[in-house]
1. Using r as the Cβ-Cβ distance of residue 184 and residue 49, and R0 as 22 Å, what FRET efficiency do you calculate, to the nearest 0.05?
2. Quick one: net charge of residue 273's neighbours, Cβ under 11 Å, K/R +1, D/E -1?
3. What are the trypsin sites (Lys or Arg not before Pro) within the range 92-156 that DSSP puts in a loop, where the Cβ has at most 14 other Cβ atoms within 10 Å?
4. Give, in nm to one decimal, the length gained when the segment between residue 127 and residue 41 is fully stretched (0.36 nm per residue of separation minus the Cα-Cα distance).
5. If amide H atoms are built 1.01 Å from N in the plane of the peptide, which residues on other chains or at least 5 residues away come under 5 Å of the amide H of residue 149?
6. In the range 82-118, whose amide N lies under 11 Å from the spot 7 Å out along Cα-to-Cβ of residue 57? List them in ranges.
7. Which whole-Hz ³J(HN,Hα) couplings does the range 174-190 yield from phi under the Karplus relation 6.51 cos²θ - 1.76 cosθ + 1.60, θ = phi - 60°, glycine and proline marked x?
8. Just want the answer: with Cβ charges of +1 for Lys and Arg and -1 for Asp and Glu, which residue in 226, 38, 28 is farthest toward the dipole's positive end in the chain?
Amino acid sequence: MNPGVRAARLMLLIVVAMQALPAIGLTPGWQRVDLEAHRFLMVATTTLRITEPSPAALAAELVAVPGHAALPAPEAGVLRLDADSILPGVTSRLSVWLARDSLQLLQRERVDSVRDGRYKLTRFLADGSYEWQRRGGKKTRDLEPSRWHLKRERFRPLGPPARCTDALGLLLLAAELVRGTEARAESAVCTDDAVVGVVLVRAGDEAGAGAVLRRPCRRVSLAIEQTDGDVEDFRLLGLSTGLLVCVDAASGAPLQLLGSEPRLGAFTIEATRIETRDR
């Protein structure tokens, strides 16, 4: 793509995101959700956890990038989401740090067991993003993934816009949408290689949703409206198109997710346990 055209499209997404991503500032009503998806004899599980790291913890977790201005943790605090998944033959963990007041993506860390282990850390900056990719092996088996062999590191000057969340942040945005009076919301999402504009629309209520946990829920549909980069890079817990999130009316947790995985087709992800936050 022509660099001028790419820059113009990024600026458009910046404007959309700055207008659309709301101030959140609320504490989610849940702290853990166990999810399952079934296909034939295969079972995939994911445990979502949400925490609010202390300033001391954030100082250790959010990495500095020499020579660049990393996006700081806001005074309102930071939400950390961890998604631990077990798929047939693969385990993985995705961790994201989001600004509590805007769901701005500050940092993303991913590690999995593919080919002796893969690790990727991305720190978001005022002028782009910086990423490190590492690989595991026999010699690094006893080391933390952040100390594995460095395969590549790079700065991306045309990185994400100033207001951009992670796909996991859409779960929080959907919960915020159904709490309010608006019928729709918009957000820019930063994937590894693209900036994706996502539209969230309220899609009605259901008295008893979920095959395991039968609870009242409020449905929100998610659709990609525009993108700069590879749209196939977008995933929400493995799902990419036809997305519908059923938000637990009591806690705001994801009770059910429906959508399609590119190779395996339609999937339903069900919550089997929701652990609420003490208030």
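1. Rounded to the nearest 0.05, the efficiency is 0.20.
2. Working: positive: 32; negative: 34, 36, 270, 275.
Surrounding charge for residue 273 is -3.
3. Details: sites: 93, 100, 108, 110, 115, 118, 120, 123, 134, 135, 138, 139, 141, 147, 151, 152, 154; in loops: 100, 141.
Sparse-neighbourhood loop trypsin sites (Lys or Arg not before Pro): 141.
4. On the way: separation 86, 0.36 × 86 = 30.96 nm, distance 4.64 nm.
Computed gain between residue 127 and residue 41 is 26.3 nm.
5. When sequence neighbours closer than 5 places are left aside, the close amide H contacts are 135.
6. 82, by backbone N distance to the label point.
7. Karplus values, whole Hz, x for Gly and Pro: 5, 5, 5, 4, 6, 6, x, 10, 6, 8, 8, 8, 10, 8, 8, 10, 8.
8. 38
Every read-out reported here was derived from the displayed coordinates using simple, explicitly stated rules and does not represent laboratory data. These numbers come from a predicted model, not from an experiment. Cβ sites come from the backbone with ideal geometry, for glycine too, and all protein chains shown count toward neighbours.
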